[in-house]
Amino acid sequence: MKRSYYLFSNARLARHQNSLRLERATDARTPGRLPDDDGTPSGRPTGEKVPFPIESVESLYCFGEIDINTKLITFLAQHHVPAFFFDYYGHYTASLYPREHLLAGRLKVAQVAHHTDPDDRLTLARAFVRAGLHNIRRVLKYYATRLDHPTDRVSTAEAEIADLEQQARFASDILTLMGCEGQARTTYYSTWPALLGPAGEAFPFVRRSRQPPSNELNALISFGNSLCYTACLRQLYHTALDPTVSYLHEPGDRRFSLALDLAEVFKPVLVDRAIFRLIKTRQIQPTHFEDRLGGTYLSESGRKIFVEHWDDRLRQTIKHRSLGRNVSYERLIRLDAYKLVRHLCDPDADPFQGLQMWW
């Protein structure tokens, strides 16, 4: 069974005997902004070589300094393996995205037509936002019922987000939709100190800040959102959808904006619940963060803890109420992509609705 590999070591990744081999190097990763930096990987080869079969690789996540060459890139492309790269601070920086192997001209035409038609685009944008807000409310309810001392602020926030979800249903343009989503997120985040309980006392949180993250919780959210974005992009690659043509987010240069649309649906399901679990079980501690360049970031040990939990989370399964069988959380993302394909091909017969948590 294929799975994702997360590479934290400084190493050279190479093709070897029609498979893959990781040749480890010494030392930790450096920020890459030092005056004497020559662009080469940090450290020297240790001689340790770790082989793993290409048939088992679904995708690669490179958190260490990884040295690659064109032979490896060609080999990964032949096996349809995308690779995602993160900088020293855990920021997602780039994708090695193989040439599309699933092409459908009719779908591409329909996808672009739905973007250029204002009404069709708004219909899909509403669906993404409403699903995301529904999932936010489900997460809020889940943790609110587990509070020893429920607060009025939590129940008030739930009511406010429910109202914003209804406003999104009748929003007349994309900016209004984005405003509803942003306001709901602000309201939702204001409840986190109460929802996290005693374990959250070590993680003060006032507001969402991104570039750079101002504290530990913001660092967790930013890192988790990057993983969610790449997970959505990875699943879009297994469909004939063009990941650069989107509906809620404006298409732009150098980004796969359709993955951002899908991520709005799955961030509450995957990222937020992962953060709550890691803090409440005290697996993540303030010692797993470091202050650099005016911001707070997960240390390498913190990223490893988060990634291990993230990978386990994606492989967990739930009983799908429509399919009647167990489906992994990762598979739920692809199912939403398939639903979008069906909508684009026949919107009247199969209107799109993003995943709405029922558990």
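Think of segment 222-359 as a dipole: +1 on every Lys or Arg Cβ, -1 on every Asp or Glu Cβ, centred on the Cα centre; then among SER299, ALA231, GLN283, GLN283 lies furthest on the positive end. If you take the square roots of the eigenvalues of the alpha-carbon gyration tensor of segment 66-161 and sort them as a ≥ b ≥ c, do you get rounded (a/c under 1.5), prolate (a/b over b/c) or oblate? Oblate is the answer for segment 66-161, as a/c is 1.5 or above yet b/c matches or exceeds a/b.
Of SER172, SER246, SER226, the residue with the greatest mean-square motion in the GNM of the chain, using alpha carbon springs below 10 Å, is SER172.
I need to check one value: relative contact order of segment 105-345, counting alpha carbon pairs closer than 8 Å and at least 6 residues apart, in percent.
23
Considering only ILE68, ILE284, ILE275, the mean-square fluctuation computed in a Gaussian network model of the chain, springs between alpha carbons under 10 angstrom, is largest for ILE68. Which of ALA127, ALA194, ALA349 ends up with the largest GNM mean-square fluctuation for the chain, with Cα atoms connected below 10 Å? Greatest mean-square fluctuation among the candidates belongs to ALA349. If both residues of a DSSP beta bridge must be in the chain, then about 70% of such bridges are antiparallel. Amide H contacts of ASP67: ALA11, ARG12, LEU13, each under 5 Å away and 5 or more positions distant or on a separate chain (H built 1.01 Å from N in the peptide plane; Pro and chain starts excluded). Less than 5 angstrom separates the built amide H of THR93 from those of PHE85, PHE86, ASP87, all sequence-distant by 5 or more or on a different chain. In the chain, helical runs assigned H by DSSP with n ≥ 4 each contribute -39500 (n - 2.57); averaged across all residues and rounded to the nearest 500, the mean residue ellipticity at 222 nm is -14500 deg cm²/dmol. For semi-axes √(5λ) of the Cα gyration tensor in Å, the choices are [x] 47, 28, 17; [y] 37, 23, 17; [z] 33, 28, 18; which was calculated from the structure? Checking each listed value against the structure points to [z]. For segment 245-259, putting each phi into the Karplus relation 6.51 cos²θ - 1.76 cosθ + 1.60 with θ = phi - 60° gives couplings of 9, 10, 10, 7, 7, 6, x, x, 6, 6, 8, 9, 6, 5, 5 Hz, in residue order, rounded to whole numbers and with x for Gly and Pro.
With a/c under 1.5 counting as rounded, go ahead and sort segment 254-317 into rounded, prolate or oblate using the C-alpha gyration tensor (a ≥ b ≥ c being the square roots of the eigenvalues; past the cut-off, prolate if a/b is larger than b/c, else oblate).
Since a/c reaches 1.5 but b/c is at least a/b, the shape of segment 254-317 is classed as oblate.
Computed about its Cα centre, the charge dipole of the chain is approximately 980 debye, with only Lys, Arg, Asp and Glu carrying charge at their Cβ.
Throughout, read-outs are computed from the coordinates displayed, never taken from laboratory work. Predicted model only: the values in this text are computed from it and were never measured. All Cβ positions, even for glycine, are placed from backbone atoms using ideal geometry, and neighbour counts span all protein chains on display.
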